[in-house]
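The values are calculated or read from the model by the stated rules, or taken from the named source; none is laboratory data. As the structure is a prediction and not an experimental result, all values here were calculated from the model. A quick note on method: Cβ atoms are made from the backbone with ideal geometry, for glycine too, and the neighbour counts reach across all protein chains shown. To get the accessible areas, we keep the full protein, side chains included, count just its heavy atoms, and leave off ligands, DNA and RNA. Shrake-Rupley method; radii C 1.70, N 1.55, O 1.52, S 1.80 Å.
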Amino acid sequence: MLRLRELAVVTLVAMGGMAGLVAASQQGLQVPGGAYFHIAKKEAAQPIMLASAERSVPQLGLLAADGPTVQTPDYASANSEQAMDRLRTKVPSELYQYFDVYLYVSKAAGGSLAQHLYMFKKDDRGTLRFEQSFAVSTGRERHEKYFTSTPVGLFSLDPNRFERYHYSRTWNAGMPYSMFLNASFNGRQTGIALHSAGGHVAQLGSRASGGCVRLPPAKAAELFQRFRDEERGYVPRFAYDYSAGRTSAYGQLERDSAGKPIMYYGYKVLVVIENYSGEPTVVAAIV
């Protein structure tokens, strides 16, 4: 009988402690680490706060404290916030002023972000907002006729290689609405592009291409026309990394003798590709 009483006391104390944490979170109090208390999957390294219409998240890269804020609207998913977080860690602050559209692509084989494209766009106030996401297919990552790998890094789009009806001699296949990455590997322009999946729509959401990023046909046509109509402008040229034998994967810029970035007329669209699966999805949150 004594043990039952002791067990009841311990249970009441534990429940009281949990209630205290919940009450603290509801009152806006913070727990160590500066984050609000959340209920998430046990394996989540860091809980993710769901977005609201007014919520600001930290700025991209090393943006100055008085620079443009970065926000996501209230319909943004936890996955879009993860994609935003990845952009923030990958994009140097210097680049933010030059690009208006950001495309984040995870080429991971599996995970919450895998094989999806997340699109973000600056509004009139310079605030970056989530617009849309959809399934894509990146390279199979296998040794075949060629190594079918999708390169990782930061890329601008080649203004001289927007082709509505491109045909790949390498793979003997059509690549409708091709938007080629503006990058060189071992001194040669890459053949990697964002383009329509064509007859491979059923494979979207999995690694299936020869290295390109395949898009849903309607989305490929939409972005192809939109970028040509709305996103033209001067952007900086990325430096060539001779030690790696490729255009810089980190957004390092080519500069003139005065140290100023060398600009060219292109598209104000930055593509970020990485092999990152994503964090576990949040189950619930108390804010």
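Of the residues making up the range 168-190, those that are modelled with pLDDT of 95 or more, within 18 Å of Leu215 (Cβ to Cβ) and more than 22 Å from the chain's Cα centre (by Cα) are Met175, Pro176.
Does Thr148 count as open to solvent by less than 40 Å² (accessible area, probe 1.4 Å), farther than 24 Å from Ser243 by Cβ and more than 21 Å from the chain's Cα centre (by Cα)? Criteria met by Thr148.
Whenever a residue of the range 182-206 is surrounded by fewer than 14 Cβ atoms within 10 Å (Cβ to Cβ), its partners that are in a loop (DSSP other than H, G, I, E, B) and not polar (S, T, N, Q), lying with C-beta atoms within less than 6 angstrom and at least six residues away or across chains, give the pairs Asn186/Gly245. Only one entry in Arg86, Arg169 is basic (Lys, Arg) and in contact (Cβ under 8 Å) with a residue 24 or more places away in the chain, namely Arg86. Among the candidates Gly251, Gly278, Gly211, the residue that is in contact with a helix residue (DSSP H, G or I) (Cβ under 6 Å, 6 or more places away or on another chain) and modelled with pLDDT of 95 or more is uniquely Gly251. Checking each residue of the range 220-232 against the condition of being among the aromatic types (Phe, Trp, Tyr) and open to solvent by 20 Å² or more (accessible area, probe 1.4 Å) gives no match. Scan the range 252-275 and tell me whether some residue there is under 30 Å from His143 (Cα atoms), of a type in the set (Phe, Trp, Tyr) and in contact (Cβ under 8 Å) with a residue 24 or more places away in the chain. Within the range 252-275, not a single residue is under 30 Å from His143 (Cα atoms), of a type in the set (Phe, Trp, Tyr) and in contact (Cβ under 8 Å) with a residue 24 or more places away in the chain.
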